[in-house]
Every structure is written in C-alpha cells, then in structure tokens.
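Here's the structure we're looking at; comments come further down.
The values are calculated or read from the model by the stated rules, or taken from the named source; none is laboratory data. Here the structure is a predicted model, which means the values were calculated and not measured. Cβ coordinates were reconstructed from backbone atoms using ideal geometry, including for glycine residues, and neighbour counts include every protein chain displayed. Heavy atoms of the whole protein, side chains included, go into the accessibility calculation; ligands, DNA and RNA do not. Shrake-Rupley method; radii C 1.70, N 1.55, O 1.52, S 1.80 Å.
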Amino acid sequence: MSALESLADAYPDLVFEHVLDPPQSVAHVPADAYLDFVANARAAGFDVFVDLCGVDYLRRDPRFEVVVNLLSYDPPARLRIRVGVAADDPVLPTLTETFPGANFYEREAFDLFGIVFAGHPDLTRIVLPDDWEGHPLRKDYSVGSVPVRFKESPKAQ
Amino acid sequence: MSDTPNVVTGDFEAPTTEPPSQPETADSAAAEARREIHDMWVAGTEEPAWMRSYTNEGAQEMLEAESDPALEIHRGTTVTDDFIVEEPADDDELQILNMGPQHPSTHGVLRLHLELDGETIRRVKPIIGYLHTGMEKTAETLTYMQGSTNVTRMDYLSPFHMELAFSLAVESLLGAEIPERGQAIRVLLTELNRVSSHLVWAATQGTDLGAVSMMIYGFRDREYILQFFEKVTGLRMNHNFIRPGGVAADLPDGWEEDVDEIIEKVSRGVSEYEELFNGNPIFRDRTIGVGVITPEECKALGVSGPIARASGIKWDLRKAFPYSGIDKYEFEVPTGKHGDVWDRYLVRIEEVKQSLGIVRQVLETMPAGDYRTLDRKVTPPPRKRIDESMEALIHHFKLFTSGFKVPAGETYQAVESPRGELGMYIVSDGRERPWRMHARTPSFNHVQALPTMMTDSLVADIVATIASCDPVLGDVDR
C-alpha cells in the first residue's frame, strides 16, 4: 500500500485532489488537524520535507493559506498540504517539531505574510531587516515606486 | 540530553541584581558638567548596566541549535565526525565571531554567527537576507511572458534550470505540449549548465582549500560552455532562453561541432582535476570526515541534490519524476556513503561525467522539427508572418503588451538543478500575471543545514563545508 493510500485511509473525511501530470496529490486540511496530519503523513512515508510557503488570497475566507510540500522517496510520491489561515488571527502551530527543515520557511512566511507559527523557536524576520514595517507579499502591500526625474533630452543641434 | 549540564549552548543567566546606584560625587560642579554633557549627548540612549553583559540582536541572536528534539528523532544514528571535541567549555572561554557577509569563502553575502570554544565551533547561526530583492513580489507584477527574465536571475550559476522550472510550471497549467526538438534543446542546455555550475563549484572548492590553480582550471573550462551559451542565447548568463512554450530560438548553425569540442575539452579538464585532487594528501585530509550529514538529517532538513546523494540517498528528480523527455537518455545516479565533503566531491565529479554523457546522447539523437509549440496564444508568430497576416500582427501585439492568460489553478513543478530540488509553486487566478509565485530553492535548505554539518567541528572546516554545499546566495535570498 502506498504512503498516500494509507494516509487516505486514516483520514476518510478529508478531500484529496489529484491534479495534473505527473500526479500531484493535494490535501485540504483544517487548521486544527494540521499538526496531527503532518505527523501522520511523515509516519506514513512522506518523510522528506520539501517546501512551505504562504499564499494571500485577499478576498477569500480564510484569507491566507499555508502550503506544505512533502515527498516520499520510495515509492516516489508528492503530497501538497493546504491549510487555510484566517486573516484576523493568522496563527498556525509550528512544524519544526516534526520537520526541523520548516524552520527557515516558517520564518520566511512570517516575514513576508505575517503568519505566526506558534511554538516556533525563533520567529523573527529572515530576509528583511528587523525594523521593517509590514509584510510585503500580502496583496494589500503595494509595490511602491521611487520617483525618478529624467533630465530633458538635449536638443538637436 | 537533559540530564547532562547544558554547557555547549552557554545559556546566559537571568539577571538577578538590581542596576547599581551611582555613587555620590564630592565635586558637585564637575558632576553638574558631566550631567549636562550626558543630557546633551547620551540621555535616553544608554541601557542599564546589567543589560550590557549580553546582546539582544533580534533575528541575529544565537539559538540552542543542538538541542533540537526533532533532529534527535530524525538522526537515529550518531554523527561520525573525526573532529568532534567532547570536553565541555567554560562560558568564559566562549567567543562570538562573525564570519561574513564580506568573507570571500562564504560565496557571496552569507553571514555566519559563530560561537567558538578555542578552535571548536559550538554553535552556528546562518544569517541571510543581504541579497533579498523581493523577486517573488516582482513576479506578481510581471506577465508570464516576462516572468522568465525574473526567475533566471535567482540562481545565477544555473539560470537555465530556473527558467525550465518556471516554464514547466506555466506549461502544466496551460496544458501545453512541447515539440521533441524543443525538449531536446532544453535537456542539452540544462545539462551543459549543470556542468558549468559544477565547474564553478570545483574551482571554488579548490581555492577555498588552497589549490588556487584549480580556480584557473575551473573557470577556464567553464568559459568554453559560457561561450557556447552566448552563441546560442546571446548572453553568457541570465539567458531568458527557455520560455513557456518552448525555447526562444533554434540552435545556431555549427552547434554540433561546438558541443563536441566542449565535451572533449571538459572531459580532459575533469581528468586533470581528478589527478590534482584524488591523491592530494592536503585535500584528502581536509575533506574526509568533514561536514558530515546523515540521510535522516537530509530528509528532515529538506537537503537534496548532490549533498543528499553523497549521504547515500539514491534520489534524482530526473529519474523519479522525469521532465522534458530526460528519461529517453541513459545516465547513472552516483551516490556516496559517508555524507562528508569528500563524498560530495566524488559525487559532483561523477555527475559532470554523466551530464557530459547525456549531452553526447542529445548531440547524436537531436530530432528535427519545431523548437516551440505552435499555439499562437502562447508563442509569438514568426517575423515574416507579421508583415502579411493581420491575425499574426494582433497575436504578436497582444502577446507582447498584455501577455497570455493562464487557466486558474495551482501547480508545483520541480527540476533537478545542480544544487538539488528546484521547485516552482505557481498560483494562477486566470489572468496574465501569476497570483503568487514561490520558488523552492535548494540553497535555502542547504544554508539552513549548515549548523548541523558544522557544529563541533573546527573553524578551518567551515570553508570546506560551505564550499561543498555550493550555495548561491541569489538563490537563498531571492
């Protein structure tokens, strides 16, 4: 039995999508079952941490989403876990207890989206300066611009 | 872990004493003058005396890296490093040293916050972000047509792999089919790019360990490949050549001879490197048993590519999830046993040979045909058609002003870059610009794994370990 099948058996209520080519399995997990689900996925064979990132859907409820990518080496399979995070209370439990590799990625998501990972050992900004204001990858954070004054082009002689 | 005294981490004791009160001075005039100067210059800026004994640097503060319970679970085995020093250190003897971001051996602007006990590293904290340019935010303002100019600048040593990952992600949302010749050109360029990237690694690894002549050899051989890239794409780096829908142009006339010459020259160069390194006692002493990482730690930390393979994980995305028709070509996945710097050297040298083998196979079996998809909604029409067809003109205008629309959805596509798994996660809302683009870059994980490789080794091993990870800071910070 593959890792995905045993995981689907353990969570009969959960929606698994199978999209695209090569098959990508996507699990939509509620926030309260998130930590438990990731631990079970690791036990079922998805024991390679690949990626964690935030997405801001702005007008959707819940507004944010945290996307975790896991990998199983044998047999080769990918699992993508999508968790919704509410805008008024953007808190998720940290994955660092299960996968220490999530450490930097959660700091990045905190830095760029302002999603708080409760229990993280070092939740500080990672790519931006410590005194930066705002979370730039949020959709309501504008790109901004610096006014540039061009000199008049020299007139033809 | 818990019953032994935690001397390695050197915890600071919580402050128990009150700030000492200032002694009264007899000379009140002098005290008044001092007070005025104080009020003018330093009032409000000083910190209490008890705080001066330690720093609070926010993101730059040290952590108890080695007391990570999750790593202990994953580790399962003890790390066999020759240079582990068992004796505990006094707190007084610990010393904080900042290495980087301008240190030449950090391969860019990586900064390491080191806590040293003499020559032994007790704790390491990598500090990144000095090269952050907000490329993921920029990607949201660029159309899919323009996107590949953005991503190609992330990992500047393997730009073709960045472009390929981005293009694969966009194509998987579009459902576009790439003609065989386009796929073969992609394989040719990415495998040559893997060779050129590994040559830079060989050059810097050699230089960092004292073999300065290796710097010259590595960059000399890389130059042959970059000249070929310039001939094909017009640029030595940041090509923007692999685009959604195929590649930008066909290969130039005479490319077969050029590739043949590259294979011959680089193969000769690689055998020179082996001659230089394999029996070299200095190189062996400085790499064998240094910077060890176990397979369990690789999995837990998301370490991939040559580093994971050197630890004994036989995993290559080209074999597991083949892309661009790479499964048509025969190649081996080299693995190591010990997960140290020496094994990473062996794995990378073997990968160069295997990649040259793939390039040779592409050279012999290059199919004829189109080099990009003929879907006019994705690829611009040929220049000649614009003069004679109104529809072609409209397509051309629409593509270059507003780009093409991509069906709503989300996808994650990964390629095996020279450094490891390089993934692109794209969320599309059905418009011309990605709603969200996230690059999962291998160097980010490898920099994160540096403390695991370095802790309790010696200062001189830092440069060997960083060089063997081959981090590209543009890839880390994005």
note = Looking at segment B:418-437, residues buried by 40 Å² or more relative to their chain on its own, accessible surface at probe 1.4 Å, turn out to be B:Tyr425, B:Trp435, B:Arg436
task = At 1.4 Å probe size, with every protein chain present, just tell me what the per residue accessible area of chain A comes to in Å².
result = 50 Å²
query = Tell me, in nm to one decimal, what length is gained between B:Glu264 and B:Lys314 on full extension, where the rule is 0.36 nm per residue of separation less the Cα-Cα distance?
reply = 15.2 nm
inquiry  = Using only protein heavy atoms and a 1.4 Å probe, how much accessible area in total is buried between A and B, to the nearest 100 Å²?
reply    = 4200 Å²
ask   = Counting partner chain Cβ atoms within 10 Å of every residue's Cβ in A:67-78, what's the average?
value = 4
request  = May I ask for the angle, rounded to the nearest 10°, between helix A:34-44 and the longest principal axis of chain A, with both axes built from Cα atoms and the value confined to 0 to 90°?
outcome  = 60 degrees
message = Which order do the peptides A:42-55, B:277-290, B:402-415, B:130-143 come out in when sorted by mean C-beta neighbours inside 10 angstrom, highest first?
response = A:42-55, B:402-415, B:130-143, B:277-290
query = How high is the relative contact order of chain A, in percent, counting Cα pairs under 8 Å that sit 6 or more residues apart?
reply = 18 percent
remark   = Once amide hydrogens are built 1.01 Å from N within the peptide plane, the residues lying 5 or more places from B:Phe404 or on another chain with amide H under 5 Å from its amide H are B:Tyr144, B:Met145
key: Shielding by partners - mean other protein chain Cβ count within 10 Å, residues of A:48-59   = 6
task = Search the structure for amide H atoms under 5 Å from the amide H of B:Val459, placed 1.01 Å from N in the peptide plane, and list their residues when 5 or more places away or on another chain.
result = B:Ile121
request  = Would you please put B:452-465, B:293-306 in order of how densely packed they are, using the mean number of other Cβ atoms within 10 angstrom per residue and starting with the highest?
outcome  = B:293-306, B:452-465
Lys/Arg +1, Asp/Glu -1 at C-beta; segment A:3-118 dipole; positive extreme among A:Ala87, A:His28, A:Ala39 = A:Ala87
Inter-chain Cβ neighbour average for residues A:98-110, partner chain, 10 Å = 6
query = Length gain on complete extension for the stretch B:Lys328 to B:Asn98, per 0.36 nm per residue less the alpha carbon to alpha carbon distance?
reply = 78.0 nm
task = Using θ = phi - 60° and the Karplus relation 6.51 cos²θ - 1.76 cosθ + 1.60, list the HN-Hα couplings for segment B:416-428 in order, rounded to whole Hz, with x at every Gly or Pro.
result = 8, 7, x, 9, x, 6, 10, x, 10, 10, 10, 10, 10
nm² value of the averaged projected area, convex hull over the Cα atoms of segment A:3-118 = 7.0 nm²
ask   = In nanometres, what is the gap between the two model label sites at B:Met390 and B:Lys377, each 7 Å from Cα along Cα-to-Cβ?
value = 2.2 nm
Under Karplus coefficients 6.51, -1.76 and 1.60, residue-wise ³J(HN,Hα) of segment B:184-200 in Hz, glycine/proline x = 5, 5, 4, 5, 4, 5, 5, 6, 4, 5, 4, 5, 5, 5, 5, 5, 5
ask   = Taking the Cβ-Cβ separation of B:Ile282 and B:Ala368 as r and a Förster radius of 45 Å, what is the calculated FRET efficiency to the nearest 0.05?
value = 0.30
request  = Could I have the simple spin-label model distance between A:Asp89 and A:Arg149, label points 7 Å from Cα toward Cβ, reported in nm to one decimal?
outcome  = 5.2 nm
request  = Run through the DSSP bridge list for segment A:3-118 and note the antiparallel percent, rounded to the nearest 5.
outcome  = 75 percent
task = Search the structure for amide H atoms under 5 Å from the amide H of A:Gln24, placed 1.01 Å from N in the peptide plane, and list their residues when 5 or more places away or on another chain.
result = A:Val19
query = If R0 is 35 Å, what FRET efficiency do you get for A:Asp131 and B:Ser105 from their C-beta distance, rounded to 0.05?
reply = 0.75
request  = Mind checking the per residue accessible area of segment B:261-325 for me, 1.4 Å probe, whole number of Å²?
outcome  = 35 Å²
query = How do the peptides B:196-204, B:310-318 rank, highest first, by the average count of neighbouring beta carbon atoms within 10 Å per residue?
reply = B:196-204, B:310-318
key: Only Lys, Arg (+1) and Asp, Glu (-1) charged, at Cβ; segment B:286-379 dipole about Cα centre in debye   = 200 debye
